[in-house]
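Structure, as structure tokens:
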Amino acid sequence: MRPLEYKDGVLKLIDQTKLPAEYSVVDCKTYSEVAAAISGMIVRGAPAIGVTAAYGIAIGAMGIYTSSREIFFKELEEICNDMRSTRPTAVNLFWAIDRVYGKALSNRSKPVAEIKEIILQEALRMDSEDVDTNKKIGIHGNELIKDHWTILTHCNAGALATCGYGTALGIIRVAHEKGKKIKVFADETRPYLQGARLTAWELMQDKIPVTLICDNMAGHFMKAGKIDCVIVGADRIALNGDTANKIGTYSISVLARENNIPFYVAAPISTIDFSIKSGDEIPIEERRAEEVTHIKGIRIAPEDVTVMNPAFDVTPHKYITAIITEKGVIYPPFEENILKLK
Ligand code: MRU
């Protein structure tokens, strides 16, 4: 399953706002449409939005009609800035924009038409690299999974959140493909319901046994001995290992520690923000109140109630057993071991 596919100047995105009720594909033909798809959550998940932004820049670059390098780079910078303002937390977005823009800059002496092609080729490379990276994460993570385990996951860190295969769900896929009789418990993930709508659907497509639970049931099942480990994805990891992921992840990590259950973060190295020392520096996206007060357009809370809706929280590194990357499994002391990945 691939949530994004580029062909002949058009980026096709599975509309994740409509799943699982409706499977539809949105065509983005301009960079503004790509930016709107990221901020509107048509595409979501840290690695997926990074590569989507890279394609958005490639599409935007194709639409700059000039042979002047000066004009081209001025407009390209504006496009990159628009992409940067789509969502604040997942560092993969900024990593991808910097990589594509950097590639263009290092080829700035070439003709504009050539630079446009170089940008597109870089986006295509990032797309295929992401799938390879996920498979490597899956292989490393599988070493930690025992036969017959039940794994709890939160949000959707699957094929839908990447360019295919997934990070946390990539590990689950490898374990399943290797014949391990594993089961998954998926938190519904209020308020946006990525667990109920996307993870449950994605695992069912692959016939991987999944049980959907409400977020507030996780502690109950851990205490009852029903969960063997937790695996989640990440949106930004600080040098000390503090990890921003979907709101609710922090609570699960504390529950896992209380119940002596290993808590794993699965993420590509592009999710590590080497410029920040701790999770205190991670910007947390605040989303619309309607996501909390309404479900499928139906109001479930009083009119005018005060609402807070942070989309992510930060799990302190002390609750994380290990971080599973494409280069292997990283254990504490995280700062020392993360720096070795650079
Ligand atoms: O708001 P979302 O749906 O983009 O949040 C996604 C997550 O929090 C994922 O767990 C994270 O991006 C990792 S995806 C491989």
Enumerate the calculated ³J(HN,Hα) couplings along the stretch 153-164 in order (Karplus 6.51 cos²θ - 1.76 cosθ + 1.60, θ = phi - 60°), each rounded to whole Hz, writing x wherever the residue is Gly or Pro. 10, 10, 6, 10, 10, x, 4, 5, 9, 9, 8, x
Whose amide H sits under 5 Å from the amide H of Phe312, counting only residues 5 or more places off or on another chain, with H placed in the peptide plane? Ile247, Glu285
Could you name the aspartates and glutamates in cross-link range of Lys277, using Cα to Cα under 15 Å and dropping any fewer than eight places away on the same chain? Asp242, Glu335, Glu336
Rounded, prolate or oblate: which fits the stretch 138-339, taking a ≥ b ≥ c as square roots of the Cα gyration tensor eigenvalues, rounded meaning a/c under 1.5, else prolate when a/b beats b/c? oblate
Using the Cα centre of the stretch 138-339 as origin and beta-carbon charges of +1 (Lys, Arg) and -1 (Asp, Glu), tell me which of Ile269, Thr321, His294 is placed farthest towards the positive end of the dipole. Thr321
For the stretch 206-218, Karplus-derived ³J(HN,Hα) couplings (6.51, -1.76, 1.60; θ = phi - 60°; whole Hz; x for glycine and proline) come out as 9, 6, 8, x, 9, 10, 8, 10, 6, 4, 7, 9, 4
When only alpha-carbon atoms count, how far does the chain stretch along each of its three principal axes, as whole angstroms with the largest first? 67, 51, 38
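For Cα pairs less than 8 Å apart in space and 6+ apart in sequence, what is the mean separation divided by the residue count of the stretch 4-134, i.e. the relative contact order in percent? It would help to have the intermediate numbers written out before the result.
Values: 167 pairs, mean separation 30.2, N = 131.
Relative contact order, the stretch 4-134: 23 percent.
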Selected from Leu105, Trp95, Tyr331, residue furthest toward positive end of dipole (the chain; charges at beta carbon): Tyr331
Listed by chain and number, the residues whose amide H is under 5 Å from that of Ile272, excluding neighbours fewer than 5 places away on the same chain and using placed H, are Ile237
About the Cα centre of the stretch 1-145, what is the dipole size in debye to 20, counting +1 per Lys and Arg Cβ and -1 per Asp and Glu Cβ, all else neutral? 140 debye
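How do Val26, Val314, Val34, Val305 rank when sorted from fewest to most other Cβ atoms within 10 Å of their own Cβ? Don't jump to the answer; show the numbers that get you there.
Values: Val26 19, Val314 22, Val34 29, Val305 10.
So the ranking, lowest neighbour count to highest, is Val305, Val26, Val314, Val34.
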Taking Met1, Met222 and counting other C-beta atoms within 10 Å, the order from fewest to most: Met1, Met222
Which aspartates and glutamates, if any, have their Cα less than 16 Å from the Cα of Lys207, not counting same-chain residues under 8 positions apart? Glu177
What residues qualify as long-range amide H neighbours of Val210, i.e. H under 5 Å apart, gap of 5 or more or another chain, H built at 1.01 Å from N? Val184
In whole Hz, the Karplus estimates of ³J(HN,Hα) for the stretch 320-326 (6.51, -1.76, 1.60; θ = phi - 60°; x where Gly or Pro) are 9, 6, 6, 10, 9, 10, 5
Within the chain, what's the longest stretch lacking GluC sites (Glu not before Pro) that sit in DSSP loops with no more than 16 other Cβ atoms inside 10 Å? 144-284
Among the Cα-Cα pairs of the stretch 4-134, the proportion with separation greater than 17 Å, in percent, is 54 percent
Dipole magnitude of the chain about its Cα centre (Cβ charges: Lys, Arg +1; Asp, Glu -1), debye to nearest 20: 820 debye
Of all DSSP beta bridges located in the chain, what percent are antiparallel, nearest 5? 55 percent
Going 7 Å from the Cα of Ser24 in the Cα-to-Cβ direction, what parts of the stretch 270-301 have a backbone nitrogen less than 19 Å from that spot? 296-298
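Just so you know, all these numbers are worked out from the coordinates, no wet-lab data involved. Keep in mind it's a predicted model, so treat the numbers as computed, not measured. Neighbour counts are summed over all protein chains in view; Cβ atoms, including those assigned to glycine, are modelled from backbone coordinates with ideal geometry.
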